[in-house]
1. Out of everything in region 35-62 that is in contact with a strand residue (DSSP E or B) (Cβ under 9 Å, 6 or more places away or on another chain) and over 17 Å from residue 76 (Cα atoms), what residue ends up being surrounded by the most Cβ atoms within 10 Å (Cβ to Cβ)?
2. Would you please list the contacts, defined by Cβ atoms under 8 Å and residues six or more apart or on different chains, that run from a residue in region 95-108 that is part of a helix (DSSP H, G or I) to a residue that is open to solvent by less than 60 Å² (accessible area, probe 1.4 Å) and among the basic types (Lys, Arg)?
3. What tally of residues in region 63-86 results from selecting those that are under 26 Å from the mean Cα position of the chain (by Cα), surrounded by 10 or more Cβ atoms within 10 Å (Cβ to Cβ), in a loop (DSSP other than H, G, I, E, B) and of a type outside the set (D, E, K, R)?
4. Out of curiosity, is residue 185 under 25 Å from residue 155 (Cα atoms) and in contact with an Asp or Glu (Cβ under 8 Å, 6 or more places away or on another chain)?
5. Kindly provide the set of residues from region 37-86 that are of a type in the set (Gly, Ala, Ser) and farther than 30 Å from residue 331 by Cβ, ordered by number.
6. If a residue has to be touching a residue at least 40 places away in the same chain (Cβ under 8 Å) and either open to solvent by less than 60 Å² (accessible area, probe 1.4 Å) or not in a helix (DSSP H, G or I) (or both) to count, how many in region 10-30 make the cut?
7. Please work out which one of (1) touching a Phe, Trp or Tyr at 6+ places or on another chain (Cβ under 9 Å); (2) open to solvent by 10 Å² or more (accessible area, probe 1.4 Å); (3) within 28 Å of residue 241 (Cβ to Cβ) is the condition residue 309 fails and give its number.
8. For the structure I just gave you, tell me whether residue 316 is part of a helix (DSSP H, G or I), closer than 26 Å to residue 18 by Cβ and at pLDDT 85 or above.
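The values are calculated or read from the model by the stated rules, or taken from the named source; none is laboratory data. All values reported here derive from a predicted model rather than from experimental measurement. Positions of Cβ are backbone-derived with ideal geometry, glycine not excepted, and every protein chain shown enters the neighbour counts. Note: accessible area is taken over every heavy atom of the protein model, side chains too, but ligands, DNA and RNA are not part of it. Shrake-Rupley method; radii C 1.70, N 1.55, O 1.52, S 1.80 Å.
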Amino acid sequence: MSSTDDRRFEILRAIVTDFVATQEPIASKALVSRHHLGVSSATVRNDMAVLEAEGLITQPHTSSGRVPTDKGYRLFVDRIHEVKPLSQAERRAILSFLDHAVDLDDVLRRSVKLLAELTQQVAVIQYPVLSTARVRHLEVVALSPQRLLLVVITDTGRVEQRMVALRDPLGDDDLAQVRTLFGSALDGKALEEASAAVSDLTDSSPPDLQRPILEIATVLIETLVERPEDRLVLGGTSNLARSAGDFAPMGGGMDTVLEALEEQVVILRLLAHTRDNQSVTVQIGEETLVENLRGTSVVSTGYGASGTVFGGVGVVGPTRMDYPGTMASVAAVARYVGEVLADR
(Lines give C-alpha, C1' and ligand atoms only; values in the text may rest on other atoms or scores of the structure.)
Protein backbone atom coordinates (compact mmCIF):
# COMPACT_ATOMS: atom_id res chain seq x y z
CA MET A 1 0.00 0.00 0.00
CA SER A 2 1.41 3.40 -1.00
CA SER A 3 2.31 6.13 1.47
CA THR A 4 -0.58 8.18 0.06
CA ASP A 5 -3.02 5.37 0.80
CA ASP A 6 -1.53 4.96 4.28
CA ARG A 7 -1.94 8.68 4.96
CA ARG A 8 -5.54 8.67 3.77
CA PHE A 9 -6.28 5.70 6.00
CA GLU A 10 -4.77 7.59 8.96
CA ILE A 11 -7.13 10.46 8.16
CA LEU A 12 -10.06 8.04 7.98
CA ARG A 13 -9.01 6.52 11.29
CA ALA A 14 -8.82 9.98 12.85
CA ILE A 15 -12.31 10.81 11.56
CA VAL A 16 -13.70 7.55 12.94
CA THR A 17 -12.00 8.03 16.31
CA ASP A 18 -13.14 11.65 16.69
CA PHE A 19 -16.68 10.99 15.48
CA VAL A 20 -17.10 8.07 17.90
CA ALA A 21 -15.90 10.32 20.73
CA THR A 22 -17.81 13.51 19.86
CA GLN A 23 -20.79 12.45 17.72
CA GLU A 24 -20.07 15.60 15.69
CA PRO A 25 -19.03 15.77 12.02
CA ILE A 26 -15.26 16.23 11.73
CA ALA A 27 -13.76 19.13 9.78
CA SER A 28 -10.26 19.23 8.28
CA LYS A 29 -9.22 22.04 10.62
CA ALA A 30 -10.10 19.89 13.67
CA LEU A 31 -8.12 16.95 12.27
CA VAL A 32 -5.01 19.07 11.79
CA SER A 33 -5.23 20.51 15.31
CA ARG A 34 -5.99 17.22 17.10
CA HIS A 35 -3.79 14.79 15.22
CA HIS A 36 -0.15 14.83 14.17
CA LEU A 37 -0.74 14.01 10.51
CA GLY A 38 2.44 15.65 9.25
CA VAL A 39 0.77 17.34 6.26
CA SER A 40 -0.86 20.67 5.52
CA SER A 41 -4.53 21.50 5.90
CA ALA A 42 -4.83 21.64 2.11
CA THR A 43 -3.52 18.09 1.79
CA VAL A 44 -5.96 16.90 4.45
CA ARG A 45 -8.84 18.56 2.58
CA ASN A 46 -7.76 16.93 -0.67
CA ASP A 47 -7.48 13.53 1.00
CA MET A 48 -10.91 13.96 2.58
CA ALA A 49 -12.33 14.71 -0.87
CA VAL A 50 -10.83 11.45 -2.17
CA LEU A 51 -12.19 9.49 0.82
CA GLU A 52 -15.62 10.99 0.16
CA ALA A 53 -15.44 10.11 -3.54
CA GLU A 54 -14.61 6.52 -2.53
CA GLY A 55 -17.69 6.38 -0.31
CA LEU A 56 -15.70 6.08 2.94
CA ILE A 57 -16.90 9.34 4.48
CA THR A 58 -19.85 11.61 3.78
CA GLN A 59 -20.96 15.16 4.47
CA PRO A 60 -24.32 15.11 6.30
CA HIS A 61 -24.86 18.87 5.83
CA THR A 62 -23.51 21.37 3.32
CA SER A 63 -21.57 23.42 5.87
CA SER A 64 -20.54 20.54 8.16
CA GLY A 65 -17.56 18.28 8.41
CA ARG A 66 -17.47 14.61 7.47
CA VAL A 67 -18.66 11.42 9.16
CA PRO A 68 -17.73 7.80 8.37
CA THR A 69 -20.02 5.67 6.21
CA ASP A 70 -20.64 1.96 6.76
CA LYS A 71 -17.98 1.34 4.09
CA GLY A 72 -15.58 3.56 6.01
CA TYR A 73 -16.23 1.71 9.26
CA ARG A 74 -15.68 -1.59 7.41
CA LEU A 75 -12.27 -0.52 6.14
CA PHE A 76 -11.37 0.75 9.61
CA VAL A 77 -12.39 -2.56 11.24
CA ASP A 78 -10.62 -4.63 8.58
CA ARG A 79 -7.38 -2.79 9.33
CA ILE A 80 -7.52 -3.64 13.05
CA HIS A 81 -4.83 -6.30 12.90
CA GLU A 82 -5.23 -7.74 16.36
CA VAL A 83 -7.59 -7.49 19.31
CA LYS A 84 -5.96 -5.73 22.21
CA PRO A 85 -5.91 -7.98 25.30
CA LEU A 86 -7.32 -6.70 28.56
CA SER A 87 -5.04 -5.90 31.48
CA GLN A 88 -4.33 -8.39 34.24
CA ALA A 89 -6.50 -6.34 36.62
CA GLU A 90 -9.42 -6.42 34.15
CA ARG A 91 -8.91 -10.16 33.63
CA ARG A 92 -8.96 -10.86 37.38
CA ALA A 93 -12.09 -8.74 37.82
CA ILE A 94 -13.94 -10.61 35.05
CA LEU A 95 -12.94 -14.05 36.31
CA SER A 96 -13.84 -13.17 39.89
CA PHE A 97 -17.26 -11.88 38.83
CA LEU A 98 -18.04 -14.97 36.74
CA ASP A 99 -16.56 -17.47 39.22
CA HIS A 100 -19.19 -16.48 41.80
CA ALA A 101 -22.00 -17.68 39.53
CA VAL A 102 -23.97 -20.56 41.02
CA ASP A 103 -25.05 -22.32 37.80
CA LEU A 104 -25.17 -22.02 34.00
CA ASP A 105 -28.07 -19.55 34.01
CA ASP A 106 -26.21 -17.33 36.47
CA VAL A 107 -22.99 -17.51 34.40
CA LEU A 108 -24.86 -16.31 31.31
CA ARG A 109 -26.72 -13.56 33.19
CA ARG A 110 -23.50 -12.31 34.71
CA SER A 111 -21.78 -12.44 31.31
CA VAL A 112 -24.26 -10.14 29.58
CA LYS A 113 -24.33 -7.79 32.57
CA LEU A 114 -20.55 -7.54 32.50
CA LEU A 115 -20.29 -7.16 28.72
CA ALA A 116 -22.99 -4.49 28.68
CA GLU A 117 -21.12 -2.53 31.36
CA LEU A 118 -17.76 -2.87 29.58
CA THR A 119 -19.05 -1.78 26.17
CA GLN A 120 -22.06 0.40 27.06
CA GLN A 121 -23.98 -1.53 24.40
CA VAL A 122 -26.68 -4.22 24.38
CA ALA A 123 -25.06 -7.58 25.20
CA VAL A 124 -26.40 -10.98 24.10
CA ILE A 125 -25.29 -14.55 24.73
CA GLN A 126 -26.67 -17.78 23.35
CA TYR A 127 -27.37 -20.80 25.51
CA PRO A 128 -24.91 -23.66 24.87
CA VAL A 129 -25.61 -25.45 21.59
CA LEU A 130 -26.79 -28.99 22.24
CA SER A 131 -25.17 -30.45 19.15
CA THR A 132 -21.77 -29.93 20.78
CA ALA A 133 -22.74 -30.96 24.33
CA ARG A 134 -21.98 -34.31 25.94
CA VAL A 135 -23.46 -35.94 29.01
CA ARG A 136 -21.05 -35.61 31.90
CA HIS A 137 -23.22 -37.33 34.51
CA LEU A 138 -26.71 -38.67 35.14
CA GLU A 139 -27.95 -38.93 38.69
CA VAL A 140 -31.08 -40.94 39.57
CA VAL A 141 -32.40 -40.08 43.03
CA ALA A 142 -35.27 -41.95 44.69
CA LEU A 143 -37.60 -39.49 46.42
CA SER A 144 -39.96 -42.36 47.18
CA PRO A 145 -40.39 -45.91 45.84
CA GLN A 146 -42.55 -44.55 43.00
CA ARG A 147 -41.03 -41.09 42.49
CA LEU A 148 -37.57 -40.39 41.02
CA LEU A 149 -35.55 -37.25 40.38
CA LEU A 150 -33.36 -37.31 37.26
CA VAL A 151 -30.44 -34.86 37.10
CA VAL A 152 -28.63 -34.54 33.75
CA ILE A 153 -25.34 -32.62 33.73
CA THR A 154 -23.54 -31.78 30.46
CA ASP A 155 -19.99 -30.67 29.78
CA THR A 156 -21.29 -27.22 28.79
CA GLY A 157 -22.57 -26.65 32.32
CA ARG A 158 -26.21 -27.30 31.58
CA VAL A 159 -28.09 -28.94 34.46
CA GLU A 160 -31.59 -30.31 33.88
CA GLN A 161 -33.82 -31.84 36.54
CA ARG A 162 -36.91 -33.90 35.79
CA MET A 163 -39.38 -35.82 37.93
CA VAL A 164 -40.52 -39.34 37.00
CA ALA A 165 -43.65 -40.89 38.48
CA LEU A 166 -43.42 -44.71 38.29
CA ARG A 167 -46.45 -46.92 37.99
CA ASP A 168 -44.94 -49.55 40.32
CA PRO A 169 -42.56 -49.17 43.29
CA LEU A 170 -38.83 -49.68 42.60
CA GLY A 171 -36.68 -51.42 45.22
CA ASP A 172 -33.12 -50.41 46.14
CA ASP A 173 -31.47 -53.23 44.17
CA ASP A 174 -33.52 -52.52 41.06
CA LEU A 175 -32.81 -48.80 41.41
CA ALA A 176 -29.07 -49.49 41.55
CA GLN A 177 -29.32 -51.60 38.40
CA VAL A 178 -31.36 -48.95 36.61
CA ARG A 179 -28.84 -46.29 37.60
CA THR A 180 -25.97 -48.42 36.22
CA LEU A 181 -27.76 -49.16 32.94
CA PHE A 182 -28.58 -45.53 32.23
CA GLY A 183 -25.16 -44.32 33.37
CA SER A 184 -23.41 -46.73 30.98
CA ALA A 185 -25.71 -45.77 28.13
CA LEU A 186 -25.27 -42.01 28.55
CA ASP A 187 -21.80 -41.32 29.94
CA GLY A 188 -19.69 -39.17 27.58
CA LYS A 189 -22.11 -39.30 24.67
CA ALA A 190 -23.24 -36.32 22.62
CA LEU A 191 -26.87 -35.54 23.42
CA GLU A 192 -28.25 -36.79 20.13
CA GLU A 193 -26.29 -40.05 20.55
CA ALA A 194 -27.44 -40.25 24.16
CA SER A 195 -31.06 -39.93 23.12
CA ALA A 196 -30.68 -42.86 20.70
CA ALA A 197 -28.84 -44.92 23.36
CA VAL A 198 -31.67 -44.37 25.85
CA SER A 199 -34.20 -45.44 23.24
CA ASP A 200 -32.23 -48.64 22.55
CA LEU A 201 -32.04 -49.35 26.27
CA THR A 202 -35.77 -49.96 26.49
CA ASP A 203 -35.41 -52.95 24.13
CA SER A 204 -32.30 -54.48 25.68
CA SER A 205 -33.17 -54.15 29.38
CA PRO A 206 -34.11 -57.08 31.64
CA PRO A 207 -37.82 -58.02 31.32
CA ASP A 208 -38.62 -57.20 34.95
CA LEU A 209 -37.19 -53.67 34.55
CA GLN A 210 -38.62 -52.80 31.15
CA ARG A 211 -41.60 -50.83 32.50
CA PRO A 212 -39.63 -48.48 34.84
CA ILE A 213 -36.86 -48.12 32.23
CA LEU A 214 -39.44 -47.14 29.60
CA GLU A 215 -40.97 -44.59 31.99
CA ILE A 216 -37.56 -43.11 32.79
CA ALA A 217 -36.42 -43.21 29.16
CA THR A 218 -39.50 -41.32 27.99
CA VAL A 219 -38.72 -38.41 30.31
CA LEU A 220 -34.99 -38.49 29.51
CA ILE A 221 -35.50 -38.40 25.75
CA GLU A 222 -37.77 -35.36 26.09
CA THR A 223 -35.05 -33.71 28.18
CA LEU A 224 -32.20 -34.54 25.81
CA VAL A 225 -33.90 -33.33 22.64
CA GLU A 226 -34.93 -29.92 24.01
CA ARG A 227 -33.26 -27.00 22.28
CA PRO A 228 -32.13 -24.39 24.80
CA GLU A 229 -29.71 -22.98 22.20
CA ASP A 230 -32.81 -21.29 20.77
CA ARG A 231 -32.75 -19.10 23.86
CA LEU A 232 -30.78 -15.93 24.48
CA VAL A 233 -29.87 -13.90 27.52
CA LEU A 234 -29.91 -10.18 26.79
CA GLY A 235 -28.71 -7.30 28.92
CA GLY A 236 -28.03 -3.57 28.79
CA THR A 237 -31.00 -2.60 26.63
CA SER A 238 -31.14 0.73 28.45
CA ASN A 239 -27.74 1.56 26.91
CA LEU A 240 -29.55 2.21 23.62
CA ALA A 241 -31.03 5.34 25.16
CA ARG A 242 -27.55 6.87 25.29
CA SER A 243 -27.28 6.41 21.52
CA ALA A 244 -30.82 7.36 20.53
CA GLY A 245 -29.49 10.13 18.30
CA ASP A 246 -27.61 7.60 16.19
CA PHE A 247 -30.81 6.00 14.91
CA ALA A 248 -32.49 7.99 12.16
CA PRO A 249 -36.15 8.85 12.91
CA MET A 250 -37.02 8.22 9.24
CA GLY A 251 -35.89 4.62 9.73
CA GLY A 252 -38.08 4.13 12.76
CA GLY A 253 -35.51 5.29 15.30
CA MET A 254 -34.59 3.33 18.39
CA ASP A 255 -37.99 1.61 18.50
CA THR A 256 -37.19 -0.48 15.42
CA VAL A 257 -33.95 -1.67 17.02
CA LEU A 258 -35.83 -2.68 20.17
CA GLU A 259 -38.35 -4.59 18.05
CA ALA A 260 -35.53 -6.50 16.36
CA LEU A 261 -33.95 -7.36 19.71
CA GLU A 262 -37.25 -8.83 20.87
CA GLU A 263 -37.14 -11.27 17.94
CA GLN A 264 -34.67 -13.79 19.29
CA VAL A 265 -34.54 -15.65 15.99
CA VAL A 266 -33.12 -12.51 14.37
CA ILE A 267 -30.30 -12.25 16.91
CA LEU A 268 -29.63 -16.00 16.77
CA ARG A 269 -29.23 -15.72 13.00
CA LEU A 270 -26.69 -12.92 13.47
CA LEU A 271 -24.77 -14.96 16.05
CA ALA A 272 -24.73 -17.87 13.59
CA HIS A 273 -22.04 -15.96 11.67
CA THR A 274 -19.76 -16.81 14.59
CA ARG A 275 -18.00 -20.03 13.65
CA ASP A 276 -15.21 -20.21 16.20
CA ASN A 277 -13.87 -18.67 19.40
CA GLN A 278 -10.59 -17.54 17.88
CA SER A 279 -11.83 -14.52 15.93
CA VAL A 280 -14.28 -11.66 16.34
CA THR A 281 -16.91 -11.02 13.65
CA VAL A 282 -18.15 -7.49 12.97
CA GLN A 283 -21.33 -6.91 10.93
CA ILE A 284 -21.86 -3.25 10.09
CA GLY A 285 -25.14 -1.62 9.09
CA GLU A 286 -26.63 -3.29 6.01
CA GLU A 287 -24.29 -6.27 6.47
CA THR A 288 -26.67 -7.50 9.17
CA LEU A 289 -29.30 -8.06 6.43
CA VAL A 290 -31.94 -6.97 8.96
CA GLU A 291 -33.95 -3.90 7.99
CA ASN A 292 -34.53 -2.82 11.60
CA LEU A 293 -30.82 -3.07 12.39
CA ARG A 294 -29.44 -1.06 9.46
CA GLY A 295 -28.26 1.63 11.86
CA THR A 296 -26.43 -0.83 14.10
CA SER A 297 -23.34 -3.00 14.19
CA VAL A 298 -23.08 -6.46 15.71
CA VAL A 299 -19.75 -7.55 17.23
CA SER A 300 -19.68 -11.24 18.12
CA THR A 301 -17.55 -14.31 18.68
CA GLY A 302 -17.95 -17.85 19.96
CA TYR A 303 -17.39 -19.03 23.50
CA GLY A 304 -16.35 -22.53 24.52
CA ALA A 305 -13.43 -24.67 25.61
CA SER A 306 -10.93 -27.19 24.23
CA GLY A 307 -11.68 -26.22 20.66
CA THR A 308 -15.45 -26.71 21.05
CA VAL A 309 -17.77 -23.74 20.55
CA PHE A 310 -20.72 -23.80 22.95
CA GLY A 311 -22.54 -20.78 21.50
CA GLY A 312 -22.24 -17.15 20.44
CA VAL A 313 -21.79 -13.97 22.45
CA GLY A 314 -21.69 -10.37 21.35
CA VAL A 315 -23.06 -6.85 21.46
CA VAL A 316 -25.47 -4.79 19.38
CA GLY A 317 -24.99 -1.05 19.19
CA PRO A 318 -24.93 1.93 16.82
CA THR A 319 -22.47 1.89 13.93
CA ARG A 320 -20.77 4.78 15.74
CA MET A 321 -19.07 2.60 18.34
CA ASP A 322 -15.60 2.08 19.76
CA TYR A 323 -14.75 -0.93 17.60
CA PRO A 324 -11.29 -1.75 19.02
CA GLY A 325 -12.52 -1.54 22.62
CA THR A 326 -15.76 -3.41 21.89
CA MET A 327 -13.95 -6.18 20.01
CA ALA A 328 -11.49 -6.57 22.89
CA SER A 329 -14.27 -6.76 25.49
CA VAL A 330 -16.31 -9.29 23.50
CA ALA A 331 -13.25 -11.49 22.94
CA ALA A 332 -12.24 -11.33 26.61
CA VAL A 333 -15.67 -12.10 28.07
CA ALA A 334 -16.13 -14.96 25.59
CA ARG A 335 -12.79 -16.44 26.58
CA TYR A 336 -13.45 -16.28 30.30
CA VAL A 337 -17.02 -17.61 30.01
CA GLY A 338 -15.56 -20.64 28.27
CA GLU A 339 -12.95 -21.08 30.97
CA VAL A 340 -15.52 -20.84 33.78
CA LEU A 341 -17.89 -23.35 32.15
CA ALA A 342 -15.04 -25.77 31.39
CA ASP A 343 -14.02 -25.79 35.06
CA ARG A 344 -17.53 -26.65 36.33
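1. 59
2. 97/110; 98/110; 104/158
3. 5
4. yes
5. Answer for region 37-86, where residues must be of a type in the set (Gly, Ala, Ser) and farther than 30 Å from residue 331 by Cβ: 38, 40, 41, 42, 49, 53, 63, 64, 65.
6. Matching residues across region 10-30 total 10.
7. Unmet condition: (3).
8. no
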